[in-house]
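> Dropping the structure in here first, questions after.
The values are calculated or read from the model by the stated rules, or taken from the named source; none is laboratory data. What you see is a predicted model, and the numbers here were worked out from it, not measured in a lab. Reconstructed Cβ throughout: ideal geometry from the backbone, glycine too, with neighbour counts over all protein chains shown. Please note that ligands, DNA and RNA were not included when accessible areas were found on the heavy atoms of the full protein model with its side chains. Shrake-Rupley method; radii C 1.70, N 1.55, O 1.52, S 1.80 Å.
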Amino acid sequence: MTIKPFKLERYYTQYEFTSDYSICNSDCEAMTVGDLLALEDGAAVKLNNLWLGYTETKGHPELRRDIASIYTNINAGDLLVCTGAQEPIFLFAHANLTPGDEVIVQAPCYQSLQSVPEDIGCKVLNWMVKYEGSRPTFDLEELAGMVTDKTKAIILNAPHNPTGYHFTKAEQLAIVEIARKRNIIVFCDEVYRELEHSPEYAIPAFADVYENGVSLGVMSKAYGLPGLRIGWLATRNKAILENVAILKEYTTICNSAPSEFLAGVALRNRQQILQRNLQIVHDNLPLYDRFFGKYGDLFSWHKPTAGPIAFVKMHFDTDDVAFAERVLKDGKILLLPGGIYDYSGFFRIGFGRKNLPEALEKFEEFVLDTLVSL
Ligand SMILES: Cc1ncc(COP(=O)(O)O)c(C=O)c1O
């Protein structure tokens, strides 16, 4: 195996279920199968009668219609349903990129967006975040200057993990114009889309605004249903989608029938689910405001406009990995050090979970015990 181990997933595998508290989760609060089924009359009976045979490789046509309703220019035929968001990242890259292709990746990032193209033999260029104090930005002129005749794809993530950055509509259009001039694919990981903190921050999916745009969606994050393992690719570029569909027959072939059914129920009731999850976010954000207001000499953050995560700058030390180890060992609290993203001096926090108040209280106890005297 040549691909680099996935640092973030290795970290979660080791600590997610062994720590007492977490202040770094990127998914919103999940729910039970019963709670989900209760959102739609007759859904429980239908699930009971569901046939557990193979399903269509592309995804159930009804589910694809439900997914298409999230978009404005995408129909059921422009979608391929996959396992979570991780499988389509892997498949998109392997099916559409070749050794020697130049690929520009918004960075730091969820590692597979970078490591999979690297492993294929692509030349990966990082479009790095720039920090103005604790406020992240991405420089569009720099992106324009990075593009060459060999650029095959620009790989983005909006809203962005880990910085919490979200493009404006104007920035999105500028990116599309840069890409369109040279027929470059824009692959945008949109797993946190629809969790804008106010409707004014919503931007269209890249697949809606660009004919070579590929949007990655999933049930895991904004909708809080990672256990379903249902994600998808949306694109009007038929060749890209077909390439992925062919490769998918070597990985998962088709999706889990119960998961597809449950994802459909969730999507038909997604406004209710999103409202619930946004309420959790809005309840949690002021707690961090208070916390970072109180401990501003130790940490600073820039409150994001979308998504359930932010990247916090540390002022007392730059060894985020050692800090996270101490927080875990002495406080039994999980946070995600910037080192996981090869970006030191920061750690990632999350605010989509209901038990954040308790976890943050524990983190504050740790801070008071160990840092305040520094
Ligand atoms: C930006 C991003 N993309 C993809 C994924 C993978 O999602 P899934 O667990 O649904 O495969 C994650 C998970 O944390 C993520 O943050």
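> Compute the normalised compactness of the range 1-74: alpha-carbon radius of gyration over 2.2 N^0.38 Å, N being the residue count.
Normalised Cα radius of gyration, the range 1-74: 1.63.
> Taking the mean number of other Cβ atoms within 10 Å as a proxy for protection, how do you rank 128-135, 94-101 from highest to lowest?
Descending packing order for the listed peptides: 94-101, 128-135.
> So for the range 256-323, Kirkwood radius off the Cα pairs, Stokes-Einstein at 25 °C and 0.890 mPa s: how many µm² s⁻¹?
The estimated diffusion coefficient comes to 165 µm²/s.
> How big is the C-alpha Rg of the chain next to the rule-of-thumb value 2.2 N^0.38 Å, as a ratio?
0.98
> At what distance in angstrom do the alpha carbon centres of the range 295-350 and the range 8-73 lie from each other?
Cα centres, the range 295-350 to the range 8-73: 28 Å.
> Something else now. How much accessible area does residue 41 have with a 1.4 Å probe, in Å² rounded to the nearest 10?
About 150 Å², rounded to the nearest 10.
> Another question, then. Ignoring ligands, DNA and RNA, please state the percent of accessible area on the range 52-270 from carbon and sulfur, probe 1.4 Å.
Carbon plus sulfur share of accessible area: 54 percent.
> Same structure again: Run lengths n ≥ 4 of DSSP H only: what is the helix-derived mean residue ellipticity at 222 nm for the chain, with -39500 (n - 2.57) per run over all residues, to the nearest 500?
Roughly -11500 deg cm²/dmol at 222 nm, from the helical runs in the chain.
> Report D for the range 1-158 in µm² per second (integer): Stokes-Einstein, Kirkwood Rh on Cα pairs, 10 °C, 1.306 mPa s.
Diffusion coefficient, whole number: 82 µm²/s.
> Given labels modelled 7 Å from the Cα in the Cβ direction, how far is it in nm from residue 32 to residue 297?
4.8
> Seen from all sides and averaged, what is the projected area of the convex hull of the Cα atoms in the range 100-230, in nm²?
Convex hull of Cα atoms, orientation-averaged projection: 8.3 nm².
> In the range 52-270, how many lysine pairs have Cα atoms under 16 Å apart, counting only pairs 8 or more places apart or on different chains?
7
> Let me ask something else. Given charges of +1 on the Cβ of Lys and Arg and -1 on the Cβ of Asp and Glu, with all other atoms neutral, how large is the dipole of the range 52-270 about its Cα centre, in debye to the nearest 20?
Here the range 52-270 has a charge dipole of around 260 debye.
> Straight-line reach from residue 329: which lysines have Cα under 25 Å away, leaving out those fewer than 8 places along the same chain?
Those lysines meeting the cut-off are 7, 294, 313, 354, 362.
> Please build a GNM for the chain, connecting alpha carbons under 10 Å apart, and tell me which residue among 309, 184, 253 fluctuates the most.
It is 253.
> With unit charges on the beta carbons (Lys and Arg positive, Asp and Glu negative) and the dipole taken about the Cα centre of the range 52-270, which residue among 197, 231, 255 sits farthest to the positive side?
255
> For the range 76-124, which chymotrypsin sites (Phe, Trp or Tyr not before Pro) are in a loop by DSSP, counting at most 15 other Cβ atoms within 10 Å?
none
> How much net charge surrounds residue 372 when only the other residues with a Cβ under 12 Å from the Cβ of residue 372 are counted, with Lys and Arg +1 and Asp and Glu -1?
Counting the neighbours of residue 372, the net charge comes to -3.
> Another question about this same structure. Please report, for the Cα atoms of the range 52-270, the Rg to one decimal and the Dmax as a whole number; what are they, in angstrom?
16.5, 54
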